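Enquirer: Handing you this structure, nothing more for now.
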Amino acid sequence: MDMKTATKKLSLKDKYKLFTRDLGWEPTYRSKEEVFPYVQYEGIKIHDWDKWEDPFRLTMDAYWKYQAEKERKFYAIIDAHAQNNGHLNITDARYLSALKVFLQAISPGEYAAHKGFARVGREFPGVGTQVACQMQAIDEIRHAQTQIHALSNYNKFYNGFHAFAEQRDRIWYTSVARSFFDDAMAAGPFEFMIAIGFSFEYVLTNLLFVPFMSGAAYNGDMATVTFGFSAQSDEARHMTLGLECIKFMLEQDPDNLPIVQAWIDKWFWRGIRVLSLVSTMMDYMLPKRVMSWREAWNIYGIENGTALFKDLARYGIRPPKHWDKAEEAIDHMSHQLMLGLYQWKFGTSFHVWIPSDEDMDWLAKKYPTTFDKYYRPRWEHIKKHEAATGAPFNNYGLPKLCQCCQLPTIFTEPGDPTLICHRESVYQGERYHFCSDGCKDVFDNEPEKYVQAWLPMPGLMQDPLKGDLGAWMDWVFLKDGKDNGDYATSQDRQNFEQWRAQATSNQ
Amino acid sequence: MSTVFIALQANEDTRPIIEAIEIDNPNAVVNREPAMVKIDAPNRLVIRKDTIEEQLGRSFDLQELQINLITLSGNVDEDEDTLTLTWNS
Amino acid sequence: MTVAARKEYVGIPRDRVENFHGKQLVFVSWDHHLLLAAPIMFCLPPQASFAELIESHLQPLLQADPDAAALDWNKVEWLKEGQPWVPDFAASLAANGIGHKEQLRMRTPGLSSLVPVN
């Protein structure tokens, strides 16, 4: 911590100038176009890179100092968690499902973001931008590592954590996040900044981290609170970078507006689909819930998003296309996806369960217009069906997937929650299916990109698996009877309850 | 009117910072949530180094905020004396 | 719009019919029946009859639905490419004009125990 000294220090603005822009130089023996070959082709026009400035004015020396402090705090708590059987302090082992989904779907996204920022930091000519991207690249790899490290303590005791890297690539429900990040990394540097810096970090990351980490705190998971807040302390800087970057593009040239708006439209919708996984964690997987997905959306989606787009209106930016459809879908998406995850639980590397009566009452209170009317009857029927047949309800019909977001096409028509939304496009004689107008728009704007999507379900029917479900389980590193299935009969539950009983008695 | 906000981890480091923010922003609403404190304000929120130092009783570098920051909303401007969040609306 | 790129950009579709070893994909869904959460994907040779698709593959999956017992296959209204269509149960998928990755929808007006149709 700083002590009062008499020495005259540089002002923050001067220091920022010295440590960023003054580190740059004009190339002499190669042209600027040769050194930075990727900044033209997306059509974004930049006239003066020096106009870009990090509002925090964070320089590399200060960055290292504060990051080191964050790491010290993080590892002190992770060590304490491991040394004190922290895994037995969680509410109950159902909570672990949220962690498994996080590790399989989200942490690899941090690593992808690291690679992306390392790349765009090289591709942008502005020194201020390069420094900020370099910091974010280091942040993102730190997040991936601290998350994996923190959750490795759970892997010592529980199933489903052991193959997150392979499952990121191969299992079906993670592909919504994988395709999001692959799409961003396959885009040009400016689009990448809108995808990750703006849409993901600014518009959506609060919906992922803040309620999730508060949820972890509610459920006694000190390790996750710690990596979450440690990561989130960087996010404020990332969000600010994303917002600065969009303002910078819009201020540099009026021709940039339609390109930027199209990217906002696209990445908002892609982000909403990734968040559907988060919605199930918030509404269903946390034994002790902090707020509903709807309540989180009201704060971080509506209130914050409205403020943001009102602010950006001065540049001619309007709220993302399909915002109204997202708003309508908020009251449905967690229920629709959770019912899907439950019936395909033979193929999930985490456990699911039918919500208890008490949980259903909570959901009815949080979703007064939708839960009792549309979703409770389905859960009740599943419960009855299981009692009658004496077996868990599984749907061995493999779902149709969306060519864009890659989720099963479980979402319903706008205005009619009783009917699946069917959309398709034909491109060069091939038929492609979508879950929504938003996803169809993304495809129709760049069909050449999305025809290449590797979709897990059609993939299972091709080489090398040719439709063999058992071979598929081996291929996705899913241990049948251990990693998958209903929580009620799981080894995780049995172990947790046994160890907790041992920890609180002398038997 | 749009709401700007800043969220900080709830710990001993941030207690005097939150007190300082309350002093400098009479319109701010402090929400205490599990493990975090979220402070909302209409259109503008200012964080002053001087006020924090008075609460803390020692010298404070505003960039130390980075360690305990969780999230924020609004356009940021920071120099050595103040950090300001604003929405233009 | 096309993909912004620095040189010619060509995408290779991953799910072309030749990748399925003589089979094709077909999707079937039952309107206003959401117990099975998404349209179901089937992978069958185009020579398979429509009756085989329904009786051997679709029907066993539908059994969990409370309306399954009341389903009268002679009264099902079908949509193909969103248009009303009448299948020939005895004919093959190919002879029925059912192409690779085609979506078929069943409609059974009056039958919807689990969702409140307006």
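The values are calculated or read from the model by the stated rules, or taken from the named source; none is laboratory data. Because the structure is predicted, anything quoted here is derived from the model rather than measured. No Cβ is skipped: glycine too gets one built from the backbone with ideal geometry, and neighbour counts run over all protein chains shown.
Enquirer: Which numbered condition trips up A:Leu419, out of (1) within 14 Å of chain C (Cβ to nearest Cβ); (2) surrounded by 22 or more Cβ atoms within 10 Å (Cβ to Cβ)?
Expert: (2)
Enquirer: Anything in the range A:230-267 that is free of Cβ contacts under 8 Å to residues at least 12 places away in the same chain and among the small types (Gly, Ala, Ser)? List them, or say none.
Expert: A:Ala236 - this is the single residue of the range A:230-267 that is free of Cβ contacts under 8 Å to residues at least 12 places away in the same chain and among the small types (Gly, Ala, Ser).
Enquirer: Can you pull out the residues in the range A:70-118 that are assigned to a helix (DSSP H, G or I), exposed (fewer than 15 other Cβ atoms within 10 Å of the Cβ) and free of Cβ contacts under 8 Å to residues at least 40 places away in the same chain?
Expert: The answer is A:Arg72, A:Ala76, A:Asp79, A:Gln83.
Enquirer: Oh, and also: Can you tell which of A:Tyr284, A:Tyr315 is more than 10 Å from every other protein chain (Cβ to nearest Cβ), out of contact with any strand residue (DSSP E or B) (no Cβ under 9 Å at 6 or more places or on another chain) and of a type outside the set (Asp, Glu)?
Expert: Numbers: A:Tyr284 fails: out of contact with any strand residue (DSSP E or B) (no Cβ under 9 Å at 6 or more places or on another chain).
Being more than 10 Å from every other protein chain (Cβ to nearest Cβ), out of contact with any strand residue (DSSP E or B) (no Cβ under 9 Å at 6 or more places or on another chain) and of a type outside the set (Asp, Glu) holds for just one of A:Tyr284, A:Tyr315, which is A:Tyr315.
Enquirer: Let me confirm something: among C:Gly22, C:Gly110, C:Gly99, C:Gly82, which residue is in contact (Cβ under 8 Å) with a residue 40 or more places away in the chain and either more than 30 Å from A:Glu42 (Cα to Cα) or more than 10 Å from chain A (Cβ to nearest Cβ) (or both)? Write out each step before concluding.
Expert: Working: C:Gly22 fails: in contact (Cβ under 8 Å) with a residue 40 or more places away in the chain; C:Gly110 fails: in contact (Cβ under 8 Å) with a residue 40 or more places away in the chain; C:Gly82 fails: in contact (Cβ under 8 Å) with a residue 40 or more places away in the chain.
Only one candidate passes the filter, namely C:Gly99.
Enquirer: Since A:His47 meets every condition but one in (1) touching a residue at least 12 places away in the same chain (Cβ under 8 Å); (2) surrounded by 13 or more Cβ atoms within 10 Å (Cβ to Cβ); (3) within 17 Å of A:Gly128 (Cβ to Cβ), which condition does it not meet?
Expert: In the conditions (1) touching a residue at least 12 places away in the same chain (Cβ under 8 Å); (2) surrounded by 13 or more Cβ atoms within 10 Å (Cβ to Cβ); (3) within 17 Å of A:Gly128 (Cβ to Cβ), A:His47 misses (2) alone.
Enquirer: In addition: Please indicate, with yes or no, whether at least one residue in the range C:48-61 is in a helix (DSSP H, G or I) and of a type in the set (Ser, Thr, Tyr).
Expert: Pass one, the range C:48-61, residues in a helix (DSSP H, G or I): C:50-61.
Now narrow it down to the ones that are of a type in the set (Ser, Thr, Tyr): C:56.
Within the range C:48-61, one or more residues are in a helix (DSSP H, G or I) and of a type in the set (Ser, Thr, Tyr).
Enquirer: Taking B:Asp13 as meeting all but one of (1) more than 9 Å from chain A (Cβ to nearest Cβ); (2) in a helix (DSSP H, G or I), write down the number of the exception.
Expert: (2)
Enquirer: Specify which of the listed residues (A:Ala165, A:Ala217) is within 14 Å of chain B (Cβ to nearest Cβ) and surrounded by fewer than 24 Cβ atoms within 10 Å (Cβ to Cβ).
Expert: Details: A:Ala165 fails: within 14 Å of chain B (Cβ to nearest Cβ).
Within the list A:Ala165, A:Ala217, the selection yields A:Ala217.
Enquirer: Let me ask you something else. Looking only at the range B:16-43, count how many residues are part of a strand (DSSP E or B) and small (Gly, Ala, Ser).
Expert: Let us first name the residues in the range B:16-43 that are part of a strand (DSSP E or B), namely B:29-33, B:36-42.
Going one step further and asking which of them are small (Gly, Ala, Ser), we end up with B:41.
Number satisfying all stated conditions: 1.
Enquirer: In addition: Would you be able to tell me the number of residues in the range A:490-507 that are within 31 Å of the chain's Cα centre (by Cα) and free of Cβ contacts under 8 Å to residues at least 40 places away in the same chain?
Expert: Result for the range A:490-507: 1.
Enquirer: Another one. Take A:Phe198 and tell me if it is within 14 Å of chain B (Cβ to nearest Cβ), touching a Gly at 6+ places or on another chain (Cβ under 6 Å), closer than 16 Å to A:Cys245 by Cα and not charged (D, E, K, R).
Expert: Values: within 14 Å of chain B (Cβ to nearest Cβ): yes; touching a Gly at 6+ places or on another chain (Cβ under 6 Å): yes; closer than 16 Å to A:Cys245 by Cα: yes; not charged (D, E, K, R): yes.
Taking the combined requirement at face value, the residue satisfies it.
Enquirer: For the range A:389-416: of the residues being of a type outside the set (D, E, K, R), surrounded by fewer than 14 Cβ atoms within 10 Å (Cβ to Cβ) and over 21 Å from C:Leu58 (Cα atoms), which is nearest to the other protein chains (Cβ to nearest Cβ)? Spell out the reasoning first.
Expert: So in the range A:389-416, the residues of a type outside the set (D, E, K, R) come out as A:389-399, A:401-412, A:414-415.
Filter once more, keeping what is surrounded by fewer than 14 Cβ atoms within 10 Å (Cβ to Cβ): A:389-391, A:396, A:415.
If we keep only those that are over 21 Å from C:Leu58 (Cα atoms) too, we end up with A:390, A:415.
Details: A:Gly390: 14, A:Gly415: 10 Å.
Checked the range A:389-416; the qualifying residue nearest to the other protein chains (Cβ to nearest Cβ) is A:Gly415.
Enquirer: Hey, among A:Phe350, A:Phe346, which residue is more than 7 Å from chain C (Cβ to nearest Cβ), surrounded by 15 or more Cβ atoms within 10 Å (Cβ to Cβ), at pLDDT 95 or above and touching a helix residue (DSSP H, G or I) at 6+ places or on another chain (Cβ under 6 Å)?
Expert: Numbers: A:Phe346 fails: touching a helix residue (DSSP H, G or I) at 6+ places or on another chain (Cβ under 6 Å).
A:Phe350 is the lone residue from the list that is more than 7 Å from chain C (Cβ to nearest Cβ), surrounded by 15 or more Cβ atoms within 10 Å (Cβ to Cβ), at pLDDT 95 or above and touching a helix residue (DSSP H, G or I) at 6+ places or on another chain (Cβ under 6 Å).
Enquirer: List the pairs whose first member sits in the range B:53-67 and is at the interface with chain A (Cβ under 8 Å from one of its Cβ atoms), whose second member is among the aromatic types (Phe, Trp, Tyr) and part of a helix (DSSP H, G or I), and whose Cβ atoms are under 9 Å apart, counting only residues at least 6 apart or on separate chains?
Expert: Matching pairs, first to second residue: B:Gln63/A:Tyr66; B:Glu64/A:Tyr66; B:Gln66/A:Tyr63; B:Gln66/A:Tyr66; B:Ile67/A:Tyr66.
Enquirer: Further, regarding this structure: When the range A:380-418 is examined, which residues are found to be hydrophobic (A, V, I, L, M, F, W, C) and more than 27 Å from the chain's Cα centre (by Cα)? Can you show your working first?
Expert: Within the range A:380-418, the subset hydrophobic (A, V, I, L, M, F, W, C) is A:382, A:387-388, A:391, A:393, A:398, A:401-402, A:404-405, A:407, A:410-411.
Within the range A:380-418, A:Ile382, A:Ala387, A:Ala388, A:Ala391, A:Phe393 qualify.
The rows are residues; the columns are (1) within 26 Å of A:Asp444 (Cβ to Cβ); (2) within 15 Å of the chain's Cα centre (by Cα).
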{"residue": "C:Tyr9", "(1), (2)": "yes, no"}
{"residue": "C:Ile12", "(1), (2)": "yes, no"}
{"residue": "C:Phe20", "(1), (2)": "yes, no"}
{"residue": "C:Trp30", "(1), (2)": "no, yes"}
{"residue": "C:Ala38", "(1), (2)": "yes, yes"}
{"residue": "C:Ala48", "(1), (2)": "no, yes"}
{"residue": "C:Ile54", "(1), (2)": "no, yes"}
{"residue": "C:Leu71", "(1), (2)": "no, no"}
{"residue": "C:Met106", "(1), (2)": "no, yes"}
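Enquirer: Could you say whether any residue in the range A:456-465 is buried (at least 20 other Cβ atoms within 10 Å of the Cβ), facing chain C (nearest Cβ under 9 Å), farther than 15 Å from A:Trp172 by Cβ and out of contact with any strand residue (DSSP E or B) (no Cβ under 7 Å at 6 or more places or on another chain)?
Expert: No, the range A:456-465 contains no residue that is buried (at least 20 other Cβ atoms within 10 Å of the Cβ), facing chain C (nearest Cβ under 9 Å), farther than 15 Å from A:Trp172 by Cβ and out of contact with any strand residue (DSSP E or B) (no Cβ under 7 Å at 6 or more places or on another chain).
Enquirer: Taking the options A:Ser425, A:Ser436, name whichever one is more than 11 Å from chain C (Cβ to nearest Cβ), within 25 Å of the chain's Cα centre (by Cα) and hydroxyl-bearing (Ser, Thr, Tyr). Don't jump to the end; show me each part of the working.
Expert: Working: A:Ser425 fails: within 25 Å of the chain's Cα centre (by Cα).
So the residue among A:Ser425, A:Ser436 that is more than 11 Å from chain C (Cβ to nearest Cβ), within 25 Å of the chain's Cα centre (by Cα) and hydroxyl-bearing (Ser, Thr, Tyr) is A:Ser436.
The rows are residues; the columns are (1) closer than 24 Å to A:Lys100 by Cα; (2) modelled with pLDDT under 95; (3) crowded, with 19+ Cβ neighbours inside 10 Å; (4) within 14 Å of another protein chain (Cβ to nearest Cβ).
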| residue | (1), (2), (3), (4) |
| --- | --- |
| A:Gly467 | no, yes, no, yes |
| A:Trp472 | yes, no, yes, yes |
| A:Asp480 | yes, no, no, no |
| A:Asp483 | yes, no, yes, no |
| A:Glu497 | yes, no, no, no |
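Enquirer: Within the bounds of the range A:191-211, is there any residue that is of a type in the set (S, T, N, Q), closer than 24 Å to A:Val290 by Cα and without any contact (Cβ under 8 Å) to a residue 60 or more places away in the chain? Spell out the reasoning first.
Expert: Taking the range A:191-211 as the starting set, the residues that turn out to be of a type in the set (S, T, N, Q) are A:199, A:205-206.
Still in the list and also closer than 24 Å to A:Val290 by Cα: A:205-206.
With without any contact (Cβ under 8 Å) to a residue 60 or more places away in the chain added as a condition, the list becomes A:205.
Yes - at least one qualifying residue is present in the range A:191-211.
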